[in-house]
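These notes are about the structure you will find just below.
The values are calculated or read from the model by the stated rules, or taken from the named source; none is laboratory data. Given the structure is predicted, the values throughout are model-derived calculations rather than measurements. No Cβ is skipped: glycine too gets one built from the backbone with ideal geometry, and neighbour counts run over all protein chains shown.
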Amino acid sequence: MSSLSHNRTLSERDRDAVLHPYTNPIRHQETGPLVISRGEGVRVFDDSGKDYIEGLAGLWCTALGWGEERLVAAASEQMRRLPFYHLFGHKAHDPAIELCERLLALAPVPMSKVFLTGSGSEANDTALKLIRYRANALGQPQKKKVIARDRAYHGVTLATSSLTGLAVNHRSFDLPDPAVLRAACPHHYRNARPGESEEDFSTRLAAELEALILAEGPDTVAAFFAEPVMGAGGVIVPPAGYFAKIQAVLDKYDVLLVADEVICGFGRTGKMFGTETFGLRPDIITVAKGLSSGYLPISAVLLSEKMVAPIVAEAGRIGTLGHGFTYGGHPVSAAVAVETLKIYAERDILAHVGRVGPRLQDGLRGFANHPLVGEVRGVGLIGAVELVADKATKAAFDPARGVGAALVARAQQHGLILRAMGDAVAFAPPLVISEDEIAEMLTRFARALADVTAEVI
Ligand code: PLP
């Protein structure tokens, strides 16, 4: 087939051969792809050499930025020594052991064991399966319903798509599974009643959660899944008091909490885990993305003793734990993850986020008075700017106008890659971003916003 590639651009070849995730395939035939060919620090470069600041760290993952040679060295060394091995059937390898030990040591609440997986979806899918397994182990076969929130993002496997609370992940896939119960999205700006304080809003959502659990029957509800800060649903920072009030309800009815730290884990919110920033007490934590700085696919499920003891007993009875992925805990990915965690510690990434995070948040808040900006929100090095048609009434633009997408397209022209979630635009740059680079990112964003304002008003 290689002769077919001669004299054809990458763009043409892409259009003919690649079906893209999260892309309109019909429009793609007209626009073609943005082909990224290399990266350096917080920037990536397209095949014409143009530079872009990666305002979303790829897919919220490349925490150490591009070109981190220590990760390259860790991968190549492991690749030479043991490029593949696995953890099935009593086998082990040193990178996986060391990674699990390090994760247990970092865990924000006491955790007993780690199950290694390959992606955020696989980690959450594994959590779901182990919750079910535990219920059977405990002789509570009816206690299997799970609750996830509107606008949650927990993955796209057949099971985790149903946890995800976004219509685009359900439509025409015959999803969601009705066994997944839906709680409200804790977005104060959009979902609070007029005059309702953040605390009152949190109190109401906790009361609604309790009513849902009671209506379903507490003995049928197993777990509540939550991202500390909801990412793909629009960067929703929980309102004051939210997790304390939710946690009290979960404790009352013996409902497990799964903290999906796939985006928040490893410093994004200013502490090592969003669990610490917002005071969660999870029974299960899932991590991915920042675990390897996105350099290789790897994810993990951290399990408390409350999970581990019944699972071990059940698997012992059955004769094996019948779950595992070929690439779960892949040695090269695990070696890169171990090196990533070492770098976070040695360079004190949390102190860095503590220094530069306020620059991002203050800079974003600088747009709050702009006539099209309805809300600016964020914490640490994650944030969003939501555009509205009417600031006073918070009325959104007609989605058909694609204002958020237009802003992102303009930003791209100005050398800044961002992501639109409806008319909210997300920022989650590499954690290693400097103050000067944040300033440059915001300057590029201001240019894009000015362009879109001229088009919209
Ligand atoms: N959970 C959260 C919070 C995520 O943001 C994502 C991906 O963006 C996932 C889970 C799914 O991860 P993956 O795309 O690696 O399957």
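Please state which of the following conditions L257 fails to meet, knowing it meets all the rest: (1) surrounded by 24 or more Cβ atoms within 10 Å (Cβ to Cβ); (2) among the hydrophobic types (A, V, I, L, M, F, W, C); (3) closer than 18 Å to K306 by Cα.
(1)
So how many residues does the range 262-271 have that are crowded, with 24+ Cβ neighbours inside 10 Å and either away from the ligand (no atom under 16 Å from the Cβ) or of a type in the set (V, I, T) (or both)?
3
Take the range 153-164 and flag every residue that is near the ligand (Cβ under 8 Å from one of its atoms) and either small (G, A, S) or modelled with pLDDT under 95 (or both).
Passing the criteria: only G155.
Restricting to the range 63-84, count the residues that are surrounded by 14 or more Cβ atoms within 10 Å (Cβ to Cβ) and within 14 Å of I298 (Cβ to Cβ).
5
For the range 124-139, check the following and say yes or no: at least one residue is outside any helix (DSSP H, G or I) and within 16 Å of the ligand (Cβ to nearest atom).
No - not one qualifying residue is present in the range 124-139.
Looking at A183, A211, A192, A248 in this structure, which one is in contact with a strand residue (DSSP E or B) (Cβ under 6 Å, 6 or more places away or on another chain) and surrounded by fewer than 23 Cβ atoms within 10 Å (Cβ to Cβ)? Please lay out each step first, then the result.
Working: A211 fails: in contact with a strand residue (DSSP E or B) (Cβ under 6 Å, 6 or more places away or on another chain); A192 fails: in contact with a strand residue (DSSP E or B) (Cβ under 6 Å, 6 or more places away or on another chain); A248 fails: in contact with a strand residue (DSSP E or B) (Cβ under 6 Å, 6 or more places away or on another chain).
After ruling out the rest, the residue left standing is A183.
From the residues in the range 165-178 that are under 20 Å from A123 (Cβ atoms) and free of Cβ contacts under 8 Å to residues at least 40 places away in the same chain, which one is farthest from the ligand (Cβ to nearest atom)?
D177
Here is a yes/no grid of residues against (1) under 17 Å from the mean Cα position of the chain (by Cα); (2) exposed (fewer than 15 other Cβ atoms within 10 Å of the Cβ):
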| site | (1), (2) |
| --- | --- |
| E122 | yes, no |
| A135 | no, no |
| P141 | no, yes |
| A148 | yes, no |
| Y153 | yes, no |
| S161 | yes, no |
| G165 | yes, no |
| S172 | no, yes |
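Quick check on the range 272-285: of everything there that is in contact with a Phe, Trp or Tyr (Cβ under 8 Å, 6 or more places away or on another chain) and more than 20 Å from R355 (Cβ to Cβ), which residue is surrounded by the fewest Cβ atoms within 10 Å (Cβ to Cβ)?
Step by step, filter the range 272-285, then rank; the result is G279.
Filter the range 25-77 for residues that are part of a loop (DSSP other than H, G, I, E, B) and closer than 25 Å to P331 by Cβ and give the result.
Residues satisfying the conditions are C61, T62, A63, L64, G65, G67, E68.
Using the structure shown, decide if V42 is among the β-branched types (V, I, T), in contact with a helix residue (DSSP H, G or I) (Cβ under 9 Å, 6 or more places away or on another chain) and more than 23 Å from A424 (Cα to Cα).
Criteria not met by V42.
Is it the case that some residue within the range 388-402 is at pLDDT 95 or above and crowded, with 22+ Cβ neighbours inside 10 Å?
Looking through the range 388-402, none of the residues is at pLDDT 95 or above and crowded, with 22+ Cβ neighbours inside 10 Å.
Could you check the range 313-329 and list, in sequence order, the residues that are buried (at least 23 other Cβ atoms within 10 Å of the Cβ) and within 14 Å of the ligand (Cβ to nearest atom)?
G328
Could you grab me the full set of residues in the range 89-123 that are over 18 Å from L280 (Cβ atoms) and either within 16 Å of the ligand (Cβ to nearest atom) or in a loop (DSSP other than H, G, I, E, B) (or both)?
Residues satisfying the conditions are G89, H90, K91, A92, H93, F115, L116, T117, G118, S119, S121, E122.
With respect to the numbered conditions (1) surrounded by fewer than 21 Cβ atoms within 10 Å (Cβ to Cβ); (2) within 20 Å of the chain's Cα centre (by Cα); (3) not β-branched (V, I, T), which one is the sole condition not fulfilled by P371?
(2)
Using beta carbons and a limit of 7 Å, which pairs, at least six apart or on different chains, have the first residue in the range 98-109 and modelled with pLDDT of 95 or more and the second one in a helix (DSSP H, G or I) and not hydroxyl-bearing (S, T, Y)?
From residues that are modelled with pLDDT of 95 or more, the pairs are E98/V338; L99/A334; L99/A337; L99/V338; R102/V338; R102/L341; P108/E276.
Of all the residues that make up the range 276-312, how many are within 16 Å of the ligand (Cβ to nearest atom), touching a helix residue (DSSP H, G or I) at 6+ places or on another chain (Cβ under 9 Å) and in a helix (DSSP H, G or I)?
Residues in the range 276-312 being within 16 Å of the ligand (Cβ to nearest atom), touching a helix residue (DSSP H, G or I) at 6+ places or on another chain (Cβ under 9 Å) and in a helix (DSSP H, G or I): 4 in total.
Taking the range 237-261, which residues are over 12 Å from the mean Cα position of the chain (by Cα), within 16 Å of the ligand (Cβ to nearest atom) and in contact (Cβ under 8 Å) with a residue 60 or more places away in the chain?
V237, V258
Here are some residues: A420, A448, A384, A411. Which one is part of a strand (DSSP E or B) and buried (at least 22 other Cβ atoms within 10 Å of the Cβ)?
Working: A420 fails: buried (at least 22 other Cβ atoms within 10 Å of the Cβ); A448 fails: part of a strand (DSSP E or B); A411 fails: part of a strand (DSSP E or B).
Of the residues listed, the single one that is part of a strand (DSSP E or B) and buried (at least 22 other Cβ atoms within 10 Å of the Cβ) is A384.
Working only within the range 425-441, note down all residues that are of a type in the set (A, V, I, L, M) and surrounded by 22 or more Cβ atoms within 10 Å (Cβ to Cβ).
The answer is V425, A426, A428, L431, V432, I433, I438, M441.
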